[in-house]
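Notes follow the structure.
All of the numbers you see were taken from the coordinates with simple rules; none came from a lab. Since this is a predicted model, take the numbers as computed values, not measurements. Backbone-built Cβ (ideal geometry, glycine too); neighbour counts: all protein chains shown.
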Amino acid sequence: MQQRKVVIIGAGSVGATYCYALAQSGLADEMVLTDKNEDLMKGQVLDLVHGQPFFPTVMIRSGSIADCTDARVVVITAGAAQKPGETRLQLIKKNAEITGSIAEDVDKSGCRGVMLIVSNPVDILTYVALKRSGWDKSRVIGSGTVLDSSRFRHLLSKHCGVDVHNVHAYILGEHGDSEFAAWSMTNIAGINIDEYCPVCVNCSDWKNQRQLIEQQVRDSAYHIINYKGSTQFAVGLALVRITGAILRSQSTILSISTLVESHFGIKDVCLSVPCVVSDSGVSRIIESPLSSEELDSLSNSATILKKALSSL
Ligand SMILES: NC(=O)c1ccc[n+]([C@@H]2O[C@H](COP(=O)([O-])OP(=O)(O)OC[C@H]3O[C@@H](n4cnc5c(N)ncnc54)[C@H](O)[C@@H]3O)[C@@H](O)[C@H]2O)c1
């Protein structure tokens, strides 16, 4: 394996923005961009390489799935967007077929790295990629709620008037409508948010604020998509964070989507729980002591995802 080679499959809005952010981070030595739309792929690569004098040293080029052979991380952002008149279920089927066949091809390339699924519905597609590749569960992960957790941290930091880096908080479950805030794990300076916020100068109505913040996180993507058609910047940065944890073997705790088999009373579904992420993907799930309400929400996400999976 090349020490710091990343292959990106899908050079659309999310794939290209991720490349731009990854190139600036200095984390990768080589980035290979692929897409079934060859013109788009070539155009994105040309646009990116013209930035090379301003990036830390990194090779950026176009390629194909064969480039996965010695990649450390393969990021899948390929997929179809919902068309007018198309149901969500039809979209799931279409994207499951795209991701599934890419996962098989990545496996055939002999890749021994980590596969990171980004395309939506990300939890379903992570499960499909895991089964179709035949890889160990630790090596197939989904970006899950890493993005949603960053939205949550941003809103809490604004609400409490403290640096976002001092806010520790996770959104768990489905990357979608049934996701939920793990309030029991949310803290500022080591103080649980339910104790911190009522005494904070900015807050007079914490119970209502709590609900509003959680709902705002859930609705974020809808608002951005209504305004500009798609989301790209924050997800690109969230992907850099995940990639960094793998390339630097950081053992970072992230709410990525992983196969849950025996934790939190859940079995055989991919969804977001706190995971330790390092060079070989997920090394451990952290079974945090969630409240009974949070456990119910997690179980609800699992039920929804299993139902969607059974429709495939
Ligand atoms: N997980 C997250 O947090 C998150 C956030 C934002 C977007 N997304 C998802 O990421 C995906 C990509 O979004 P986007 O805005 O970049 O879409 P996009 O339409 O701009 O890009 C998708 C690209 O995939 C390519 N593609 C399709 N089938 C392919 C195949 N078989 N092989 C190679 N390339 C193929 C298309 O040509 C296109 O360039 C979507 O499914 C979107 O919902 C996920």
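Odds and ends about this structure:
- For Glu293 and Lys137, the FRET efficiency from 1/(1 + (r/R0)^6), where r spans their Cβ atoms and R0 equals 25 Å, is about 0.35.
- Stretching the chain fully between Gln90 and His263 yields a gain of 59.2 nm (0.36 nm per residue, less the alpha carbon separation).
- Nitroxide proxy distance, nm - points 7 Å out along Cα→Cβ at Gln215 and Leu312: 3.3
- Convex hull volume of segment 235-274 per residue (C-alpha atoms, cubic angstrom): 72
- Folded to 0 to 90 degrees: helix 206-228 orientation relative to the chain principal axis, Cα: 30
- Rounded tilt (10° steps) of 88-108 against the dominant C-alpha axis of the chain: 50
- Close amide H partners of Arg284, meaning residues 5 or more places away or on another chain with modelled amide H under 5 Å apart, are Val276.
- With the convex hull of the Cα atoms taken as the outline of segment 148-223, the averaged projected area works out to 4.7 nm².
- Protection proxy ranking, peptides 239-250, 49-60, 154-165, average beta carbon neighbours within 10 Å, highest first: 239-250, 154-165, 49-60
- Fraction of C-alpha pairs exceeding 13 angstrom in segment 1-58: 56 percent, rounded to a whole number.
- The long axis of helix 146-160 is offset from the longest Cα principal axis of the chain by roughly 40 degrees.
- For the pair Thr252 and Asp47 in one chain, pulling the backbone fully straight at 0.36 nm per residue adds 70.6 nm over the alpha carbon distance.
- Against the empirical curve 2.2 N^0.38 Å, the C-alpha radius of gyration of segment 5-109 lands at a ratio of 1.12.
- Mean separation of Cα contacts under 8 Å (6+ apart) over length of segment 166-312, as relative contact order %: 25
- In the chain, helical runs assigned H by DSSP with n ≥ 4 each contribute -39500 (n - 2.57); averaged across all residues and rounded to the nearest 500, the mean residue ellipticity at 222 nm is -14000 deg cm²/dmol.
- Extending 7 Å from Cα along the Cβ direction at Ala80 and again at Glu195 yields two label points whose distance is 5.3 nm.
- The convex hull of the Cα atoms of the chain, projected and averaged over all directions, covers 15.9 nm².
- Using 0.36 nm per residue and subtracting the Cα-Cα separation, the extra length available between Lys108 and Arg61 on full extension is 14.8 nm.
- Debye log10 I(q)/I(0) for segment 180-287, one point scatterer per Cα, at q = 0.16 Å⁻¹: -1.01
- Calculated on C-alpha atoms, the gyration radius of segment 134-174 divided by its Kirkwood radius gives an Rg/Rh of 1.18.
- Take 142-152, 20-30 and order them by the average number of nearby Cβ atoms within 10 Å per residue, most first; the result is 142-152, 20-30.
- Neighbour counts of other Cβ atoms within 10 Å put Tyr18, Tyr222 in the fewest-to-most order Tyr222, Tyr18.
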